[in-house]
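Contents: one structure, followed by commentary.
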Amino acid sequence: MERPAWAPQGIDLTVPSVSRIYDFYLGGSHNFEVDREAARKAMEFMPGLPKIMQANRAFMRRAVRFAVDEGITQFLDIGSGIPTFGNVHEVAQAADPEARVAYVDHDPVAVAHSRAVLAGNDRAGIAAADLRKPQDILGDPVVNELIDLERPVALLLVAVLHFVEDSDDPRAAVAALRDALAPGSLVILTHASYAGIPLPEQRIGGTVGVYQTIKNPLVMRSHEEVARFFEGYEMVEPGLVPMAEWRPETPLAQEDPYAFSGFAGVGRKA
């Protein structure tokens, strides 16, 4: 396979990546045939996957605008993926040109493409680090240059925690990040779940199996399990709800049924 100009050297073009699969669902162009093949297999079981990803992005944009309205101008987006239209820095800086955004991802393609997109923007940058190693994130020079942890920060954990297995102790990682944040900070979080998906659980399991096969397990957690990630935060109304139900800007009756899949919420550190 010929390597595209935007693909960093050393990337194995035969191994699917969840960030590139996500890019494909959103209609992006920074994915390989191996990613598209995995996405199409997953969509055989859940044809509404692109709608779920669109609902996830729509929630993220609403939550970022909420954070700016609350006076927060610093954003730490972990597991940020490949930049697409309406990314965090675009939404935040449209609302407040002074907003600063530090993206974090461990996918080399996501990091390389983010650097290209953010070139010339001195209020946004990308760090190559992994959620499972929060101290690496907190000590990263890019993060430290952009984010002042002595002031409130909006921490985004959007569609990332369901790719961290319990054996990697995601709650400890989230707690370490929380403890580093100043009072008044927000956590903006979405998570996959069997709840809300308009399909039988057995069929959804087919999609989960695809992610297992590509060695990026998709961990579906219950409402109670997702709520534990908000320990140490006070939930912002309306609480932990299906993505489409978090402060909707259009009538819910107009939403696709898949938009109510999984959970979304925002918490504030006291």
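The values are calculated or read from the model by the stated rules, or taken from the named source; none is laboratory data. These numbers come from a predicted model, not from an experiment. When we count neighbours, we look across all protein chains shown, and the Cβ atoms used for this are built from the backbone with ideal geometry, even at glycine. What goes into the accessible areas is simple: the full protein's heavy atoms, side chains included, and nothing from ligands, DNA or RNA. Shrake-Rupley method; radii C 1.70, N 1.55, O 1.52, S 1.80 Å.
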Give the shape of segment 41-132 as rounded, prolate or oblate, defined through the alpha-carbon gyration tensor: a ≥ b ≥ c are the square roots of its eigenvalues, a/c under 1.5 means rounded, and otherwise the shape is prolate if a/b is larger than b/c and oblate if not. oblate
Full extension from ARG36 to SER222: what is 0.36 nm times the residue separation minus their Cα-Cα distance, to one decimal in nm? 64.1 nm
Compute the orientation-averaged projected area for segment 140-188 from the convex hull of its Cα atoms and round it to one decimal in nm². 3.8
GNM of the chain, Cα pairs under 10 angstrom: of VAL153, VAL34, VAL64, the biggest fluctuation goes to VAL34
Using a Förster distance of 45 Å, the FRET efficiency for GLU44-ALA119 (Cβ separation, nearest 0.05): 0.70
Find how much the distance from LEU149 to GLU249 grows on full extension, using 0.36 nm per residue of separation minus their present alpha carbon separation; answer in nm with one decimal. 32.9 nm
Rounded to the nearest 0.05, FRET efficiency between GLN202 and ASP179 (Cβ-Cβ, R0 35 Å) equals 0.30
The lysines whose Cα lies under 23 Å from the Cα of LYS51, excluding any fewer than 8 residues away in the same chain, are LYS41
Computed over the chain, the distribution of all Cα-Cα distances in 5 Å bins, rounded to whole %, is 1, 6, 13, 18, 20, 18, 13, 7, 2, 0, 0
For the pair GLU98/GLN212, report the inter-label distance in nm, with labels modelled 7 Å from Cα in the Cβ direction. 5.1
SASA check, HIS106, accessible area w/ 1.4 Å probe, all protein chains in place, rounded to nearest 10 Å², comes out at 120
Search the structure for amide H atoms under 5 Å from the amide H of MET235, placed 1.01 Å from N in the peptide plane, and list their residues when 5 or more places away or on another chain. ARG268
With +1 on each Lys and Arg Cβ and -1 on each Asp and Glu Cβ, and nothing else charged, work out how big the dipole of the chain is about its Cα centre, in Debye to the nearest 20. 340
Any idea what % of Cα-Cα pairs in segment 172-270 are farther than 17 Å? 58
Kindly list the residues of segment 27-70 that lie in the label zone of THR14, defined by a backbone N under 15 Å from the point 7 Å along the Cα-to-C-beta vector. 33-35
With the dipole of the chain defined by +1 on each Lys or Arg Cβ and -1 on each Asp or Glu Cβ, the option from GLY27, VAL164, THR73 whose Cα lies farthest towards the positive pole is GLY27
